[in-house]
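No value in this document is a laboratory result; all are computed from the given coordinates. Because the structure is predicted, anything quoted here is derived from the model rather than measured. Cβ: placed from backbone, ideal geometry, glycine included. Neighbour counts: every protein chain shown.
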Amino acid sequence: MHPNPIFHKTPESRSLAFARDRGFGVLAVSSDGAPMLSHIPFLLAESGGHALLHLVRSNPICRACGDGIAARLDVLGPDGYVSPDWYGVDDQVPTWNYVAVHVLGRLVPLAHERIEEVLEAQSAAYESRLPKAPWTMDKMSAEAKARMLRQILPFRFEIETVDATWKLNQNKDDAVRHRAADHIQGSIGTGLTALQALMRHPPDRE
């Protein structure tokens, strides 16, 4: 995470709310070689104490997990390049603004009998945000459903620590930060409209 403490003042509850709303991240666990990574959807509990997720049975993280393993979940938000020209003051340097929430804890396998419960909870949460009647597993044939359930395993991510960076030019005066925000939608990155709004109103200053 970025070393400047000014980018770490967002309340933990706000960072968890961001992670819950995003619902997608990179799961990382250590191994003998390079860390093992998996891009996953997850369902973060309202309490912020745990998240439910599933992995394909053939994923090497499943084999490494045993009865539980230390893990990290990296949830990335909007990001974008900031040109020094946009600040309107001298002696500035290029930078990249972004939001990243790291959730650290323990990945614990659940009994396979719970896989349907986990999948139903996840799909219901995602489907509820769409402008249509929710999809449910009842729409699958019994054969297709059974085949799918055999291929995936359920997990619970027990959250111990939240480490977040909200790098939004909070180290600049408001007027300078707002000038950069005025240009950010023409930059390179992802979620630039959301990034612009956050630069104008950083959550640590709400």
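In this structure, the amide hydrogen of Gly77, modeled 1.01 Å from its nitrogen in the peptide plane, lies closer than 5 angstrom to those of Val99, Ala100, Val101, counting only residues at least 5 positions away or on a different chain.
Starting from the Cα gyration tensor of segment 34-82, take the square roots of the eigenvalues, sort them a ≥ b ≥ c, and report rounded, prolate or oblate (rounded when a/c is under 1.5, otherwise prolate if a/b is larger than b/c, else oblate). Oblate shape, in that a/c is at least 1.5 and b/c is the bigger or equal ratio. Counting every other Cβ atom within 10 Å of each residue's Cβ, Lys139, Lys145 order from fewest to most as Lys139, Lys145.
Note: segment 142-187, Cα convex hull, 182 Å³ per residue. Seen through its C-alpha gyration tensor, with square-root eigenvalues sorted a ≥ b ≥ c, segment 69-142 comes out oblate because a/c lies at 1.5 or above while a/b is not bigger than b/c. Stokes-Einstein diffusion for segment 102-206 at 25 °C, viscosity 0.890 mPa s, with a Kirkwood radius from C-alpha pairs, works out to 136 µm²/s. Only one residue of Leu76, Val26, His201 has its Cα farthest out toward the positive end of the dipole of the chain, where Lys and Arg carry +1 and Asp and Glu -1 on Cβ, and that residue is Val26.
With the Kirkwood sum run over all distinct C-alpha pairs, segment 1-111 has a hydrodynamic radius of 16.1 Å. Computed on the chain, with alpha-carbon pairs under 8 angstrom and 6+ residues apart, the relative contact order is 28 percent. Taking 14 Å as the cut-off, the amide N atoms of segment 82-105 that come nearer than this to a point 7 Å along the Cα-to-beta-carbon line of Glu160 belong to 103-105. In the elastic network of the chain, a GNM with C-alpha springs shorter than 10 Å, the most mobile of Glu160, Glu120, Glu143 is Glu143. One quarter of the surface of the convex hull around the alpha-carbon atoms of the chain equals 14.0 nm², the direction-averaged projected area.
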